Amino acid sequence: MNKLLVFTLAVVLTGSMAWGAAMDEGTKELGVAGTVDFDTAADTYVALGVSYGEFLMDGVLVGGLAAFEDDDIVTRWTVGGFAEYNVLNDSQVIPYVRGFLSYSGTEVDL
């Protein structure tokens, strides 16, 4: 029961924040994502990603990104940029197209 309540609350809060998002020229966006798994075949897995962008005009977002992953065997890093076009309409659902170009490096420790 508690898991269902937490899930429902997360969906409601996330949805309300997404619907209220401003996509006007000059608006800045910061994205942070990550994962930690302490029980993998390669010991501990850690992943962290950060992105930052600015709407250059209404509905058009351009920015940069960086990411890092490590599982004690494979280490990977990524840097790059992205562009996003949001189809602005009167609906609460905003379709978008996003593309990115990145450069990655990998190191394997056997």
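A single member of GLU84, GLU69, GLU54 is in contact with a Leu (Cβ under 9 Å, 6 or more places away or on another chain) and more than 24 Å from LYS28 (Cβ to Cβ), and it is GLU69. The listed residues are PHE38, PHE68, and the only one of them that is under 18 Å from TYR103 (Cα atoms), hydrophobic (A, V, I, L, M, F, W, C) and assigned to a strand (DSSP E or B) turns out to be PHE68. Cβ-Cβ under 6 Å, sequence separation 6+ or interchain: first residue in region 29-48 and in contact (Cβ under 8 Å) with a residue 60 or more places away in the chain and among the hydroxyl-bearing types (Ser, Thr, Tyr), partner loosely packed, with under 12 Cβ neighbours inside 10 Å and assigned to a strand (DSSP E or B). Which pairs? Filtered contacts from region 29-48: no entries.
The residue that is nearest to VAL93 (Cα to Cα), among those in region 21-61 that are among the β-branched types (Val, Ile, Thr) and surrounded by 11 or more Cβ atoms within 10 Å (Cβ to Cβ), is VAL60.
Would you pick out the residues in region 90-101 that are in a strand (DSSP E or B) and either at pLDDT below 90 or out of contact with any Leu (no Cβ under 7 Å at 6 or more places or on another chain) (or both)? Within region 90-101, TYR96, VAL97, ARG98, GLY99, LEU101 meet the criteria. Looking across region 87-108, the residues that are exposed (fewer than 10 other Cβ atoms within 10 Å of the Cβ) and farther than 23 Å from GLU25 by Cα come down to TYR103, GLY105, VAL108.
Restricting attention to region 11-58, the residues being modelled with pLDDT under 60 and among the aliphatic types (A, V, I, L, M) number 5. Among the residues of region 66-84, those identified as modelled with pLDDT of 95 or more and open to solvent by 40 Å² or more (accessible area, probe 1.4 Å) are ALA66, PHE68, GLU69, ARG76, TRP77, VAL79, ALA83.
The values are calculated or read from the model by the stated rules, or taken from the named source; none is laboratory data. The model shown is predicted, which means the values in this text are computed figures rather than measured ones. No Cβ is skipped: glycine too gets one built from the backbone with ideal geometry, and neighbour counts run over all protein chains shown. Calculation scope for accessible area: heavy atoms of the full protein, side chains included, ligands and nucleic acids excluded. Shrake-Rupley method; radii C 1.70, N 1.55, O 1.52, S 1.80 Å.
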